[in-house]
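To start, the structure itself, in structure tokens.
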Amino acid sequence: MNQHLQLSPAVRAALKEHRPVIALESTIISHGMPYPQNVETARQCEALARDQGAEPATIAVLGGKLCAGLTDEQIEYLGKAGPRMRKASRRDLPGLVAQGQDGATTVAATMIIAAMAGIHVFATGGIGGVHRGAETSMDISADLEELAMTPVAVVCAGAKSILDIGLTMEYLETKGVPVIGYQTDVLPAFYTNKSKFAVPLRADTPGEIAGMIKAQQEMHYPGGMLVTNPIPEEFALPADKIDQAIEQALEEAQAQGIKGKDVTPYLLARVVELTGGKSLKANIQLVFNNVRLAARIAAALSTK
Ligand code: PSU
Ligand code: MN
């Protein structure tokens, strides 16, 4: 095992016994949602995974250790710190490890640590992507590069329109990342269950997706996979309302000169304010939905 990795006893045991395990990220806790809903959601995700028979491995860097499987206290610590916590993506890991520091891991960093631990399935809400205006800002999330090189299947609710969804799909195509629509032919758009973009590949059962992961593993070439899972209809937000809030948040971010790793957290928090908390409710429900699917994929994979 990698010397920097620290598995919780429960995660270690589940991996050893080849039981299903799913990774969960921690930037969503510190930067993706406000306190205390962030901590409640993180704990409920863990409970939901266990209900479905999968061991949850929430991932973060703590004291320079790459931790997979956190205690309730550690989750509380990340959630309370909120945006004061370091947001840790791929480029941040060597510094945090060498200096013995803490960081909440993005999708990219969580994938790296999950892969080191031998975890193949990961549930989150939304991934980073190509931002609107990227042709001048060059703001393209490291999450996309990670999907191209690290063998973890990430279950998300599609790309949200704070990103340029079309360019994000083009980028994933260039990088050779399989994008799968779970029970859908169109790419879901996070708060809404439809976008105007087609998904390249559809799968209707967790077993089918597990089969694709297995095939990818057997071919031994680098890369992960993106599974897009539409938000359940009853929790979806009306597209025009959410788009209006996103437009306004984007304009404000630009006016205030928000850049780099601060862009996504700023936009998410502002959209929560502008929708009077409705986007947060939808966000929580879509994460639960992704945890359920990831657990079922991990269960199917453990029998292959
Ligand atoms: N999208 C969300 N919620 C989140 C994030 C994205 O709806 O919490 C977080 C994830 O951790 C993702 C990161 O990996 O933001 C992407 O940040 P950036 O765009 O700076 O790479
Ligand atoms: Mn960025």
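The values are calculated or read from the model by the stated rules, or taken from the named source; none is laboratory data. Predicted, not measured: the structure shown is a model, and the values here were computed from it. Neighbour counts are summed over all protein chains in view; Cβ atoms, including those assigned to glycine, are modelled from backbone coordinates with ideal geometry. We work out accessible area using only protein heavy atoms, side chains counted, and drop any ligands, DNA or RNA first. Shrake-Rupley method; radii C 1.70, N 1.55, O 1.52, S 1.80 Å.
Rounded to the nearest 500 deg cm²/dmol, what is the calculated helix-only ellipticity per residue at 222 nm for the chain, with -39500 (n - 2.57) per DSSP H run of length n ≥ 4?
Result for the chain: -14500 deg cm²/dmol, rounded to the nearest 500.
Relative contact order for region 55-150: 26 percent, from Cα pairs under 8 Å spaced at least 6 residues apart, divided by residue count. Over 25 Å apart: what share of the alpha carbon pairs of the chain falls there, rounded to a whole percent? Value for the chain: 42 percent of Cα pairs lie more than 25 Å apart.
Output needed for region 96-201: three equivalent-ellipsoid semi-axes, defined as square roots of 5 times the C-alpha gyration tensor eigenvalues, in descending order, whole Å.
Gyration-tensor ellipsoid for region 96-201: 24, 17, 12 Å.
Take every Cα pair under 8 Å whose residues are at least 6 apart in sequence, average their separation, divide by the length of the chain, and the relative contact order is 20 percent. Taking a ≥ b ≥ c as the square roots of the eigenvalues of the Cα gyration tensor, an a/c ratio of 1.5 or more together with a/b no larger than b/c marks region 30-81 as oblate. For the residue pairs LYS175/LYS261; LYS80/LYS160; LYS160/LYS194; LYS160/LYS278; LYS194/LYS241; LYS160/LYS261, alpha carbon separations beyond 20 Å are given by LYS175/LYS261; LYS80/LYS160.
The antiparallel fraction among DSSP beta bridges confined to region 158-267 stands at about 35%.
Add +1 for every Lys or Arg and -1 for every Asp or Glu among the other residues with Cβ under 12 Å from the Cβ of GLY103, and state the total. Walk me through the numbers on the way to the answer.
Values: positive: LYS65, ARG84, ARG86, LYS87, ARG90, ARG91, LYS261; negative: GLU25, ASP92, ASP102.
Overall, the nearby charge balance is +4.
For the chain, the solvent-accessible area of protein heavy atoms averages 43 Å² per residue (probe radius 1.4 Å; ligands and nucleic acids excluded). Of the solvent-accessible surface of the chain, computed with a 1.4 Å probe and all protein chains present, 53% belongs to carbon and sulfur. Output the antiparallel fraction of DSSP beta bridges having both residues in the chain, as a percent to the nearest 5. Percent antiparallel among DSSP bridges in the chain is about 30. Between GLN101 and GLN256, the distance separating the two model label sites (each 7 Å from Cα on the Cα→Cβ line) works out to 2.3 nm.
Provide the percentage of antiparallel DSSP beta bridges, counting only those with both residues in region 23-160; round to the nearest 5. Counting DSSP beta bridges with both partners in region 23-160, the antiparallel share is about 45 percent.
The aspartates and glutamates within cross-link reach of LYS87, meaning a Cα-to-Cα straight distance under 17 Å and a gap of 8 or more places when in the same chain, are GLU25, GLU76, ASP102, ASP139, ASP143, GLU146, ASP262. Region 282-298 and region 216-272 have their alpha-carbon centroids 16 Å apart. Show log10 I(q)/I(0) for region 47-141 at q = 0.16, 0.18 Å⁻¹, two decimals, from a solvent-free Debye sum over equal Cα scatterers. Results for region 47-141 at q = 0.16, 0.18 Å⁻¹ read -0.74, -0.90.
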